[in-house]
Amino acid sequence: MPRVCAICSHPNREEIERALISGESYRGISRQFALSPDALYRHKKDHLPMELVKAEEAQAVARADDLLEELGKLRRVTWGILGKALAANDLRTATQAAGQARSNLELMAKLEERLRGGVTINISVAPEWITLRAVILRSLEPYPEARLALAQALKEAEGAGR
Ligand SMILES: [Zn+2]
């Protein structure tokens, strides 16, 4: 029969766990919270590791959220550079910005995939990327050579991403 853990159901559980993690003696904690040292030992061995893993996962998700926000900002900057470069017919900068925008989108897709628990998002079919690619290729129409080179590079990059 499973025994109910006195620490898991304790109102001061967080405080007790902090004491356990900081290495206070079982005797000291057991006196402070009127718990048996055995129960403390069992909780630390069997229950605490799972709690720590869960806390770490929660932190990882929070970090990923922050990263997504940063990537969102970076994306706006990249799109700005791309727009200006295309307007100025600066193909070199435009190609660089397009590559940057693409890897940015790819990273965001990966992060979102992790946050959503493993739903795979294929970047080459992401609507934003298709729009971006169409804009770039259209604006390069007066430059067939550059257009062809970029289209080829994009195709290879998409193939490699799979
Ligand atoms: Zn427990």
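Nothing in this text is a laboratory measurement; each read-out follows from the coordinates by a stated rule. Bear in mind that the values here come from a model prediction, so they are computed numbers and not experimental data. Note that each Cβ is placed from the backbone with ideal geometry, even for glycine, and that neighbours are counted across all protein chains shown.
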Residues in the range 82-113 that a label on Asp66 would reach, taking backbone N under 18 Å of a point 7 Å out along Cα→Cβ: 108, 111-112
Ascending count of other beta-carbon atoms within 10 Å, so fewest first, for Thr131, Thr93: Thr131, Thr93
From phi via Karplus (6.51, -1.76, 1.60), per-residue ³J(HN,Hα) for the range 85-95 in Hz, x at Gly/Pro: 5, 5, 5, 8, 6, 8, 5, 4, 5, 4, 5
Additional length obtainable on full extension of the chain from Ala87 to Met50, 0.36 nm per residue less Cα span: 7.8 nm
Karplus (6.51, -1.76, 1.60) ³J(HN,Hα), θ = phi - 60°, over the range 100-107, in Hz, Gly and Pro reported as x: 5, 4, 5, 5, 4, 4, 4, 5
